[in-house]
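Read the figures in this text as sums done on the coordinates, not as results from a lab. Note that the structure is predicted; figures quoted are calculated from it, not measured. A quick note on method: Cβ atoms are made from the backbone with ideal geometry, for glycine too, and the neighbour counts reach across all protein chains shown.
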Amino acid sequence: MWKKISVICVLLFVLVIMFIRSVVKEKEGMTPGAGVPEKTDESSDLEQRVLTFSIDGRSPKGARQWHLEGKSAEIVGDDIHLNDLGAVAYGDSTVVILTSDKGIFNRERGEVELMGNVKVDSDDGLTLTTEKAKWSQNTKEISTDAAVHISRDGLIALGKGGMANSDRMYAVLEKDVIVRMKPDTKVTCDGPLEIDYNGHVAVFKNNVKVEDKDGKLFSDTLTVEFDPETEKFKRVIAEGNVKTKKGLSYTISDTAIYTESTKSAKLLGRPRIIIDPQEIEQLENSKGS
């Protein structure tokens, strides 16, 4: 079970950081209003309608970093209302495509609000869907209060509400978190699930439950620590009302720590092992047969 927990968190850690790097960080060179015609005195109070509209975001050196377009657009002041929005973010090694039914781009604030069937697809297999999201250039943050669905490499992560910040290299799924990994592993928590790239840690919080064919684990929090050089996990720490259950027997402790280097788990804080009498009898019968 400990190994599967760590694999889930490694995949989720890499998945979320890839999303931050590809979708968020690549927009840091964006110039508000890039590619947008300047307002004139004659048009400042008038609504402009166009059948197609496109905007390019470029780095300070002029390299195109993203492209945003809509099949139709209405321009009101600093807001550009786009229908059938599509965008492409060009990363160093990854291309990300974003689509939504509608979007509002505010060129003065450097913000994009996405609404309806928001979907992000990367060319290396990541898919993220939600009903709405907002990107802010000033805060370097993409956020939503709607349900979020993320999938990649047999891993699915669900939650309600979330954010990713490129400056802090930090991401959160706020609540009702469910993470599944094929074939049969599931991790849930009330939330939040916090992933801190600079701190090299991922933390499931509040009413954590892990289930697979080998048994179940319960705890108040579950922390996975990563090696900053390899991005592979070092330790998994379950804290607060820790209980592991296999069959009818279980262990109870304040803390349980699994260390990858030793391939061993330690139970700390008044650990107890409760073995079900039926399982003791079954073990004795198997030895006598």
(message) Per-residue counts of other Cβ atoms within 10 Å, averaged by peptide: what ranking do you get for 155-162, 122-129, highest first?
(response) 155-162, 122-129
(request) Can you check what the net charge comes to around F218, using other residues whose Cβ is under 11 Å from the Cβ of F218 (Lys, Arg +1; Asp, Glu -1)? (result) +2
(message) Run the numbers for K61 and S151: contour at 0.36 nm per residue of separation, minus the present Cα-Cα distance, in nm.
(response) 29.0 nm
(request) Just subtract the alpha-carbon distance of M115 and E229 from 0.36 nm times their residue separation and send over the number in nm, one decimal. (result) 37.2 nm
(message) Which entries of K175/K205; K234/K263; K205/K243; K209/K263 have Cα-Cα distances beyond 19 Å here?
(response) K209/K263
(message) If you average the alpha carbon positions of segment 107-185 and of segment 223-240, how far apart do those two centres end up, in angstrom?
(response) 22
(message) Can you give the local net charge around H81? Use residues other than it whose beta-carbon is closer than 9 angstrom to its beta-carbon, Lys and Arg +1, Asp and Glu -1.
(response) -1
(message) Taking loop as defined by DSSP and a crowding limit of 12 other beta carbons within 10 Å, which GluC sites (Glu not before Pro) in segment 104-160 fit?
(response) E108
(request) Go ahead and run the numbers for FRET between K246 and N206, Cβ-Cβ distance against an R0 of 25 Å, rounding to 0.05. (result) 0.55
(request) Can you figure out the FRET efficiency of N83 with D124, using R₀ = 35 Å and their beta-carbon distance, to the nearest 0.05? (result) 0.75
(request) Using label points projected 7 Å from each Cα along Cα→Cβ, tell me how many nm separate T139 and S54, to one decimal. (result) 3.1
